[in-house]
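Encoded as structure tokens, the structure appears first; notes follow it.
Each value in this text was obtained by applying a stated rule to the coordinates, not by laboratory testing. No experiment lies behind these values; they were computed from the predicted model shown. For neighbour counting, all protein chains shown are included, and Cβ atoms are generated from backbone atoms with ideal geometry for every residue, glycine included.
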Amino acid sequence: MDTGIELRIDPRARPVGTGHVRRLLPHRSRRMVGPFIFADLIGPETLQPGSGINAHPHIGLSTVTYLLQGRLVHRDSTGAILALDPGAVSW
């Protein structure tokens, strides 16, 4: 039976700051998305206040964060701090 699925990509653990994410893209078999496209997954997990992925450099790329559930406070090396609730999008 043809499911129409060409390729399944399992996320791989990658370091970001002092934490880790599960990275889907880029992937060696899907380079057409370009070198500056990342799809990272975090969770599900319960984090204690002040824990998680610590400060990490931003290199001038536009990032989009979409939160499915829970609450997240995003802080980065530019000094930006933003609280996200479920359904919120940060760009």
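Side notes on the structure shown:
- Model label sites at Ile81 and Val64, defined 7 Å from Cα along the beta-carbon direction, differ in position by 2.8 nm.
- Spacing of the two label points (7 Å from each Cα toward its C-beta) at Glu6 and Leu47, in nm: 3.3 nm
- With a simple spin-label model that places each label point 7 Å from the Cα along the Cα-to-Cβ direction, the separation between Ser29 and Val73 comes to 4.1 nm.
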